[in-house]
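The structure under discussion appears below in the form of structure tokens.
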Amino acid sequence: MTVATGTEPIVKEVQIDARPETVFGFFTEADKLTRWLCEEATTDPRPGGVCLQTHRAGESRGDQLFHMRGEFVEITPPSRLVFTWGFDEPSVGVAPGSSTIEVTLEPEGGGTRLTLVHRDLPEAELPSHDEGWDYQLARLVIAAAGGDPDA
Amino acid sequence: MADMQHAIDAIAEPRRREILRLVRDAELPAGAIAAHFADVTRPAVSQHLRTLREAGLVAERREGTRRLYRARPQGFAGLREFLDQFWDERLDVLRREAEREERGKTDDSGNRN
């Protein structure tokens with residue numbers, strides 16, 4: 001019997017010497033997103049608004065471009081935002097909306113404590129259905145899309 | 001991250017993905033796997049199996065003269081590690097850029113340290 005178990009989210013914390021107001025813009029403004037996360041970005045920062053990001057795979061993947069299509073779910077400046085994370089490419093096979101990222105910004109010591117939680121990640125177990133299996137394989141390909149972003 | 005790159009390269013080939021599906025729930029001999037592909041030579045299938053095995057995505061077991069293959073779930077566990085590192089690296093860049101932005105703002109207001 002295969003038991004489906006939810007995966008633990010990836011949780012990251014980082015301390016930044018900048019106010020939450022400053023950090024928040026790096027998730028909602030296109031010209032700031034391209035400074036740390038992706039090559040190109042288009043954003044419509046309101047609930048239901050779309051966030052498009054172009055990620056370039058590393059040289060080992062032929063410098064292929066992958067298009068992240070996310071949707072802002074919750075925007076509460078300067079303390080919290082939630083958006084979905086998925087890719088357009090049929091070859092990748094992961095529908096946009098398949099994972100969720102939650103970012104919390106708390107003022108601390110004149111700076112910001114940032115917490116990022118990436119949920120709905122694929123499982124280490126083999127999924128029991130073809131659909132889940134395709135999903136799992138596709139996630140590996142996506143990982144390649146995010147790999148070596150500076151290569 | 002070498003293991004992860006191996007896994008990614010291994011599944012980039014459609015036939016290797018098909019092989020993974022075949023051996024997902026059942027352990028199969030190489031011959032049965034090769035028989036599934038009308039348009040692929042037996043040596044080519046052997047090479048695909050070898051690539052998958054080296055990437056840690058399938059396990060090989062010998063039974064007499066037969067070699068049996070089965071998908072290896074733990075071979076996929078590297079993805080989590082990869083994403084984990086991806087966010088570490090990206091957030092490190094974010095921290096630098098946000099701090100640079102903050103200093104810029106401070107400088108603009110004449111509030112220099």
Problem - Candidate set: the stretch B:24-54, residues that are at pLDDT below 90, more than 28 Å from B:PHE86 (Cβ to Cβ) and within 14 Å of chain A (Cβ to nearest Cβ); chosen: the one least open to solvent (accessible area, probe 1.4 Å) - result: B:ALA26
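Tell me which residues, restricted to the stretch B:7-21, are more than 11 Å from chain A (Cβ to nearest Cβ) and either open to solvent by 30 Å² or more (accessible area, probe 1.4 Å) or part of a loop (DSSP other than H, G, I, E, B) (or both).
Matches in the stretch B:7-21: B:GLU13, B:ARG15.
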Practice task
Would you check if there is a residue in the stretch A:63-72 being modelled with pLDDT of 90 or more and open to solvent by less than 40 Å² (accessible area, probe 1.4 Å)?
Solution key: yes
Completion exercise
Expected output for the stretch B:50-66 (first residue outside any helix (DSSP H, G or I), partner at pLDDT 90 or above and polar (S, T, N, Q), Cβ below 9 Å, 6+ apart or cross-chain) is B:LEU57/B:THR51
Handout entry: Count of residues meeting criterion [modelled with pLDDT of 95 or more and over 15 Å from A:ARG46 (Cβ atoms)] in the stretch A:73-94
Key = 2
Completion exercise
The condition of being modelled with pLDDT under 95 and either open to solvent by 60 Å² or more (accessible area, probe 1.4 Å) or within 11 Å of chain B (Cβ to nearest Cβ) (or both) holds, among A:THR34, A:THR54, only for A:THR34
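The values are calculated or read from the model by the stated rules, or taken from the named source; none is laboratory data. Given the structure is predicted, the values throughout are model-derived calculations rather than measurements. So basically every Cβ, Gly included, is an ideal-geometry build from the backbone, and we count neighbours across all protein chains shown. SASA here: full protein model, heavy atoms, side chains in, ligands and nucleic acids out. Shrake-Rupley method; radii C 1.70, N 1.55, O 1.52, S 1.80 Å.
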